[in-house]
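Coordinate-derived values only; no laboratory data. Given the structure is predicted, the values throughout are model-derived calculations rather than measurements. As a convention, Cβ positions derive from the backbone with ideal geometry for all residues, glycine included, and neighbour counts pool all protein chains shown.
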């Protein structure tokens, strides 16, 4: 009976470790959502910086795309895209680091300008 109780107790450690590692992965994930309210599609959309490269591809007018990734090093996150033949770049987050998670929503407005909202995820 004592041996069975000890075995049961020891078997909970791998499960607890798995739960802790999963929580860390969720808490340190960074998510970027891009809404295109511009009248033209955005092409070659991607987020760069902090040791990351997350490509969205093209986002049609009125479309939304979302990518999640893990920051690899200190840096700045930047959204790059093309509006027609014009390359554009916007700073999403001026400082990120590898133990930081979060969520940024970028809206490209009808006038071609952009806005960023930040929230902890």
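How much length would be gained if the chain were fully extended between residue 58 and residue 99, taking 0.36 nm per residue of separation minus their Cα-Cα distance, in nm to one decimal?
Computed gain between residue 58 and residue 99 is 11.8 nm.
Once fully extended, how much extra length lies between residue 117 and residue 39, figured as 0.36 nm per residue of separation less the alpha-carbon to alpha-carbon distance?
26.0 nm
Note down the nm distance, to one decimal, between modelled labels 7 Å out along Cα→Cβ at residue 29 and at residue 6.
Result for the modelled spin labels: 4.0 nm.
Which of the three applies to the range 52-102, rounded, prolate or oblate, going by the alpha-carbon gyration tensor with a ≥ b ≥ c and a/c under 1.5 meaning rounded?
Cα axes put the range 52-102 in the prolate bin.
Only counting other Cβ atoms within 10 Å, I'd like 114, 69, 38 sorted with the fewest neighbours first.
69, 114, 38
Please report 104, 11 as a ranked list, fewest other C-beta atoms within 10 angstrom at the top and most at the bottom.
Fewest-to-most ranking of 104, 11: 11, 104.
Within 10 Å of each residue's Cβ, count the other Cβ atoms and sort 118, 35 from fewest upward.
The order, fewest Cβ neighbours first, is 118, 35.
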